[in-house]
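No lab work stands behind these numbers, since they all come straight from the coordinates. The structure displayed is predicted, hence computed values, not measured ones. Cβ sites come from the backbone with ideal geometry, for glycine too, and all protein chains shown count toward neighbours.
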Amino acid sequence: MWYAQDPGRRTRQFLGDAAALAWTVLWTVAAVVAYRLAVLLSRPGPDTGVASSRSPAARLPVVGDDVGAALRSVVGFVDAIDPVTLRATFAVAAAALFLLPIAPVLAAWLPRRLRWVRQAAAASELAGSANGRELLALRALLRPLDEVAATAAALPDATPGSLAEGWRNADPRTLDALADAELERLGLDPAPGADPLGPLVTEFAG
């Protein structure tokens, strides 16, 4: 399970995934283009070597004599380097161009998404059995007090304290309410046959 069942949560997850993918593709293309351009500019002219007017640097659009001379001097420098070493250097530079902007985004996005996937898969499995729903109820009861209070507010005459007492006494109604609250926190539908609690606070979801 990679996406939530709740439409709003699923939309946010999809937009986040699309943004991360687009960012990765953008910098992948930039790195490949930069590598190929660097290799192209490093090639000597076919007739008279680096200084040839037919070299890639000389065939660039009109950029001025100073810039053209600078480009030719750079081409002359890199032409003196071993081709294997030069291509390896270009590859390292392209990899750095790819990784530097991508790594922070992946470090912030990927662990959060994988954590949700693990939690959602475990919750879906637990929701199918009575013992599993009791564990889900305990997980919901261990949430911050404001989230437990939101769950209690969805039930008639319930308080956080009464929910804790109901869990200790294995009250089926309380266990179902808490288990469904934990499922809704993850953006999952309540287990079949359970009474939905209605919308609950979900902005604290992990």
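Figures for the structure shown
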quantity	calculated
Theoretical FRET efficiency, 1/(1+(r/R0)^6), r = Cβ-Cβ of residue 149 and residue 189, R0 25 Å, to 0.05	0.60
DSSP-assigned coil residues among GluC sites (Glu not before Pro) in region 86-179, each with at most 11 further Cβ atoms within 10 Å	none
Cβ-defined net charge surrounding residue 10, 12 Å radius [Lys, Arg +1; Asp, Glu -1]	-1
12 Å beta-carbon shell around residue 148, net charge (K/R +1, D/E -1)	0
Nitroxide proxy distance, nm - points 7 Å out along Cα→Cβ at residue 159 and residue 89	7.5
Approximate spin-label separation residue 40-residue 117, in nm, with each point projected 7 Å along Cα-to-Cβ	3.7
Cβ-derived FRET efficiency at R0 41 Å, residue 138 paired with residue 25, nearest 0.05	0.45
Net lengthening on full extension, residue 129/residue 10 (0.36 nm per residue, minus Cα-Cα)	40.3 nm
